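Asker: After the structure tokens below, expect a handful of questions from me.
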Amino acid sequence: MAPPPLGEGLVRFLEHLRVERRLAARTLVMYGDALGWLQQLAADEGIDLMQAQVHHVRGWTARLRERGLGPRSIAIALAAWRGLYKHWGRERLVLLNPVDGIRPPKAPKPLPKALNVDQAVALAEQQPATANPALRARDQCIVELLYGCGLRVGELIGLDVAAGPLAAGWIDIADGTAHVLGKGSKRRSVPVGGPALAALAAWLALRAELARPDEPALIVSNRGTRLSSSQVRSRLQGLARDAGLATGVHPHMLRHSYASHLLQSSGDLRAVQELLGHASISSTQIYTRLDFQHLAKVYDVAHPRAKRK
């Protein structure tokens with residue numbers, strides 16, 4: 001049975017997040033789900049949402065845990081609820097925010113999965129299994145931009161062929177720089193290396209064979225329109241299988257690999273933060289753990305005192 005539609009106040013809040021806060025589409029979907037849970041939980045107890053108190057929210061949070069939601073999902077739900085009551089507070093619809101002070105359960109922070117250097121290079125050099133030269137050039141360009149520039153998949157598919165007022169992102173070939181629109185609608189510029197520029201040039205020479213005449217997207221499907229994130233994932237998984245990589249490769253894994261390999265070589269955490277477009281250094285620090293894990297493996301293999309006999 002489908003959940004009831006969101007009430008008017010919740011719909012208006014989501015529209016505020018979409019138009020004024022400009023949240024990403026995926027975030028809006030997750031917030032919409034969280035608001036639906038809130039509405040249903042309150043209805044089950046006959047509580048008017050604008051009359052909710054701290055003890056109600058604590059109970060509803062416990063209900064989410066009983067339903068099997070993990071710490072991250074509960075954290076997202078609480079963020080959505082807290083934002084709703086903050087918004088209502090600014091509109092003088094509520095006197096207090098009943099979500100303030102309620103913390104989600106702690107979640108373990110798994111290390112990001114990254115390819116090692118040899119695996120990343122093997123993937124970049126793998127020839128796509130297609131007879132179409134344009135598709136081969138496009139897929140190699142995708143891998144080089146994801147790994148060579150550390151782009152998110154949304155940033156990659158958002159690139160246009162040329163800069164312009166409506167372009168979310170573009171690549172300036174002359175100075176070897178990619179200009180992208182990242183999370184929170186924040187723009188950043190990242191350098192594009194030689195192999196990525198070469199792959200881009202090869203793709204641009206053949207792009208007209210696939211792209212519709214009026215299509216602004218840099219990366220297009222065989223139908224001539226902007227490639228979707230799911231299509232990028234599918235093409236990347238096929239390349240990884242052909243390259244003999246046992247691990248499940250996805251676009252964000254190449255971003256993790258980019259960050260990890262940069263940090264291993266440079267040790268410059270601040271520079272990696274800027275290149276990734278992280279608002280907080282704490283988001284980048286997880287790669288120091290990944291780097292230490294790599295060093296620990298080297299120690300275990302190479303040092304005569306590393307392991308007990």
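The values are calculated or read from the model by the stated rules, or taken from the named source; none is laboratory data. Not measured: the values here are computed from a predicted model. Here the Cβ positions follow ideal geometry from the backbone for every residue, glycine too, while neighbour counts run over all protein chains shown. Keep in mind that these areas ignore ligands, DNA and RNA; they rest on the heavy atoms of the full protein, side chains included. Shrake-Rupley method; radii C 1.70, N 1.55, O 1.52, S 1.80 Å.
Asker: Hey, how much of the P(r) for the chain falls beyond 28 Å, as a percent of Cα pairs?
Answerer: Considering the chain, 52 percent of its Cα-Cα pairs are separated by more than 28 Å.
Asker: A further question on this structure: Rounded, prolate or oblate: which fits segment 160-204 when a ≥ b ≥ c are the square roots of the eigenvalues of the alpha-carbon gyration tensor, with rounded for a/c under 1.5 and prolate only if a/b beats b/c?
Answerer: Because a/c hits 1.5 or more and a/b exceeds b/c, segment 160-204 counts as prolate.
Asker: Using modelled backbone amide H atoms (1.01 Å from N, in-plane), which distant-in-sequence or interchain residues come within less than 5 Å of V220's amide H?
Answerer: L227
Asker: Restricting to Cα pairs below 8 Å that are 6+ residues apart, what does the relative contact order work out to for the chain? Please round to a whole percent.
Answerer: Values: 365 pairs, mean separation 47.7, N = 309.
Over the chain, the number comes to 15 percent.
Asker: With every atom except the alpha carbons ignored, what do you get for Rg and Dmax of segment 135-221, in angstroms?
Answerer: 11.9, 34
Asker: Non-local amide H neighbours of G169 (under 5 Å, H modeled in plane, Pro and chain starts lacking H): which ones?
Answerer: D160
Asker: Whole angstrom only: what separates the Cα centroid of segment 119-145 from the Cα centroid of segment 170-243?
Answerer: Computed from Cα coordinates, the inter-centre distance equals 12 Å.
Asker: Between R188 and Q237, what is the spin-label point distance in nm, taking each point 7 Å from the Cα along the Cα→C-beta axis?
Answerer: 2.7
Asker: At 1.567 mPa s and 4 °C, plugging the Kirkwood radius over alpha-carbon pairs of segment 128-180 into Stokes-Einstein gives what diffusion coefficient in µm²/s?
Answerer: Roughly 109 µm²/s, to the nearest whole number.
Asker: Here's something else I'd like to know. Span-like helices, the chain: DSSP H, alpha-carbon axial extent 30 Å or more, mean Kyte-Doolittle -1.0 or greater, which ones?
Answerer: 281-302
Asker: Would you work out the relative contact order for segment 33-180, in percent, from Cα pairs under 8 angstrom that are 6 or more residues apart?
Answerer: Computed over segment 33-180, the figure is 13 percent.
Asker: How would segment 91-172 be classified by its alpha-carbon gyration tensor: rounded, prolate or oblate, with rounded meaning a/c under 1.5 and the a/b versus b/c comparison settling the rest?
Answerer: Here segment 91-172 falls in the oblate category.
Asker: Kindly identify segment 117-268 as rounded, prolate or oblate by the Cα gyration tensor criterion: order the square roots of the eigenvalues as a ≥ b ≥ c, call it rounded if a/c is under 1.5, otherwise compare a/b with b/c, prolate if a/b is larger, else oblate. Intermediate values should be presented prior to the final figure.
Answerer: On the way: a/c = 1.63, a/b = 1.10, b/c = 1.48.
Oblate.
Asker: Going Cα to Cα from K113, which aspartates and glutamates come in below 15 Å? Please leave out same-chain ones fewer than 8 positions away.
Answerer: Counting by Cα, and skipping residues close in sequence, K113 has these aspartates and glutamates nearby: D291.
Asker: Remind me, relative contact order of segment 141-189 in percent, using alpha carbon pairs under 8 angstrom and six or more residues apart?
Answerer: Rounded, it is 23 percent for segment 141-189.
Asker: May I ask you to work out the translational diffusion coefficient for segment 181-278 at 20 °C, viscosity 1.002 mPa s, via Stokes-Einstein with Rh from the Kirkwood sum over Cα pairs, reported in whole µm²/s?
Answerer: Taking Rh from Cα pairs, D becomes 135 µm²/s.
Asker: Starting from a Cα-only point model with no solvent, please compute log10 I(q)/I(0) by Debye for segment 1-155 at q = 0.09, 0.11, 0.20 1/Å.
Answerer: Taken in order of the listed q values, log10 I(q)/I(0) reads -0.47, -0.62, -1.24.
Asker: Express the accessible area of the chain per residue in Å², computed with a 1.4 Å probe while the remaining protein chains stay in the model. Don't skip to the end; give the middle numbers.
Answerer: Values: 17520 Å² over 309 residues.
Accessible surface, normalised per residue, equals 57 Å².
Asker: Can you work out the FRET efficiency for the pair Q53 and E15, with r the C-beta to C-beta distance and R0 = 22 Å, to the nearest 0.05?
Answerer: In this case the efficiency is close to 0.25.
Asker: Could you list the GluC sites (Glu not before Pro) in segment 1-76 that lie in coil according to DSSP, counting only those with at most 13 other Cβ atoms within 10 Å of their Cβ?
Answerer: Hits after loop and neighbour filter: E20, E45.
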